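Report on one structure; see the data block that follows.
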Amino acid sequence: MQQHDITVIGGGLVGSALALGLAAARQRVLVLDGADLSARASRANFGLVWVSGKGLGNPAYARWSYEAAKLWPAFARDLAARSGLDVALDQPGGYSFALSPRELDEITADMTRITEETGGEGAPWRSLSRAELLREIPGIGPDVVGGAHSSADGHVNALRLFHALHRAGAAAGVTYQAQRIVERIEPLSSGFRLKGAWGEITTPRVVLAAGTGTEALAPMVGLRAPLKHSRGQIVVTERVSGRLPFLSAIIRQTDEGSVLIGDSDEGDTAEISGNPEIAALLGARAIRVYPPLAQLGVVRSWTGFRVKPLDGAPIYDHSAHHPGAYLVLCHSGVTLAALHALRVAPKIAEGAQQIGPSAFSSARFHVPA
């Protein structure tokens, strides 16, 4: 006898946020997850709640990201109440730094274009000259020629968020099973059969939220989830008691004191091991932006594979061929967590066929012959 209404394949940030939202909507939820040592983006990400620069050429994504950022304060409070964990949300605004006039022109042009494409409904931002940046961040490096700032940007403790989502889900009644990698989905006349080396189960409805594993599963329910191969690397410094006077997409300080440096993007490797040359380049650029970082010791570096749809925007879909099968895929699992729990999950719970903005349907990848 089935004891659940819906199964979520994947227990990372996306899957666990959806599971929490589904449980809050009175669904009996089962989460099938991989192993503790699975190479998941949820444990390798930068922890940003970020809006700046997102949605260039895709105003729906810019608006969606900004809506998510605005939902985060209430979501963080609710998550703390449910889990007992403070995810250390901080939204002081984020900086983009230019190390050449060309970079400054590109930043300004991109932000201006997003504002125009969204009809002014995107995140607020302001362009900054070097003199203006120096007034706000006195220790900025001599190579910084200017930049931009958006008050919408912030960050969280990503690992604590991962833990909080799982703990809150368990408290809400979510059943979580690890070591349950799904290798096959078989649509039935009513529901689905999910198979793996561990065995099989049947489920009335299913949500595909398995990160990079979703690409292979999606066609089994008549959907598409094309991914762009993208490996990122992060450099981590020792913990320090002083606070970094700014937040950016390439440099952030955790609530525990370590400084994270990132923003690399490799598309030609399947290796999980780090690249020392890239780590050196990341560190060198960070020091050009903020020279005091040169005084900090590096204690570790790690890599992870982004869950990045082919065009960079999220995918939200429901299968027309196999009703009851849903797909949620994005590389903004932290930023969009609030929307996934508070907006997308309720849509899935009610059986809606459109669970996100229409611009994010996988139909956009169907090109007529």
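Taken together, the values in this text are just the output of simple stated rules run on the coordinates, not laboratory data. Only a predicted model underlies this, so the values are computations on that prediction, with no experimental measurement involved. Here the Cβ is made from the backbone with ideal geometry for all residues, glycine too, and neighbour counts use every protein chain on show.
At-a-glance table
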quantity	calculated
Calculated over segment 194-240: convex hull of Cα atoms, volume per residue (Å³)	167
Between 0 and 90°, nearest 10: helix 158-171 axis offset from the chain longest Cα axis	30
Segment residue 216-residue 127, length gained on full extension (0.36 nm per residue, minus Cα span)	27.8 nm
Relative frequency of Cα-Cα separations exceeding 23 Å in segment 215-369, percent	51
Quotient of Cα Rg and 2.2 N^0.38 Å for segment 96-148, N being how many residues it contains	1.19
C-alpha center-to-center spacing [segment 114-179, segment 229-244] in angstrom	15
Within a Gaussian network of the chain (alpha carbon springs, distance under 10 Å), most fluctuating of 281, 329, 71	281
Estimated FRET transfer efficiency when R0 is 25 angstrom, pair residue 363-residue 228 (beta carbons, to 0.05)	0.85
GNM top mover of 27, 91, 179 - the chain, alpha-carbon springs below 10 Å	179
Residues listed by number, segment 187-229, amide nitrogen under 11 Å from residue 179 label point at 7 Å toward C-beta	198
GNM top mover of 12, 191, 169 - the chain, alpha-carbon springs below 10 Å	191
Under the Debye formula (equal points on every Cα, no solvent term), log10 I(q)/I(0) of segment 286-369 at q = 0.20, 0.23, 0.24 Å⁻¹	-0.96, -1.16, -1.22
In nm, spacing of pseudo-spin labels at residue 353 and residue 136 (7 Å Cα→C-beta vector)	4.6
Sequence-separation-based contact order of segment 115-173, relative, with Cα cut under 8 Å and 6+ spacing, percent	32
Lysines with Cα under 16 Å of residue 195, excluding same-chain neighbours fewer than 8 positions away	none
Cut-off 12 Å between beta-carbons: net charge of the residues surrounding residue 141, Lys and Arg +1, Asp and Glu -1	+2
Those trypsin sites (Lys or Arg not before Pro) in segment 122-186 that DSSP places in a loop and that have at most 14 other beta carbons within 10 Å	none
Share of Cα-Cα pairs in the chain lying beyond 30 Å, as whole percent	38
Dipole in debye (nearest 20) - the chain, about Cα centre, beta carbon charges: Lys, Arg +1; Asp, Glu -1	720
Formal net charge of residues neighbouring residue 186 (Cβ-Cβ distance under 10 Å; K, R +1; D, E -1)	+2
